[in-house]
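Working notes for the structure below.
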Amino acid sequence: MRLLEFVKDRDSKEPDADATLEIIKDAVAHGLIMIRAGLFSNCIRLLPPIVITDEQLIEGLQVLEDAIARAQGKRN
């Protein structure tokens, strides 16, 4: 299991629950099953099944990466 935490600013580490939700909604729309995690709902928990193939893992991580890039692009 791995966890991605999203913050508004790296220095203050203020949680960014809005960005997290936006990323999850985008990734879900592109075929991933995801939920928020963490005390402030600003985290995404990655828990792929043990039987996942390398191709499936790469595809899923690409969908997540693209969702993060789109969310970041909207904020910049």
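The values are calculated or read from the model by the stated rules, or taken from the named source; none is laboratory data. Please read all numbers here as calculations on a predicted model, not as lab measurements. Surface accessibility is based on the protein's heavy atoms, side chains included, excluding ligands, DNA and RNA. Shrake-Rupley method; radii C 1.70, N 1.55, O 1.52, S 1.80 Å.
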I'd like the carbon and sulfur percentage of the solvent accessible area for region 14-76, probe radius 1.4 Å, heavy atoms only, ligands and nucleic acids excluded. 59
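Using the heavy atoms of the protein chains alone and a 1.4 angstrom probe, what is the accessible area of the chain per residue in square angstrom?
I get 76 Å² per residue for the chain.
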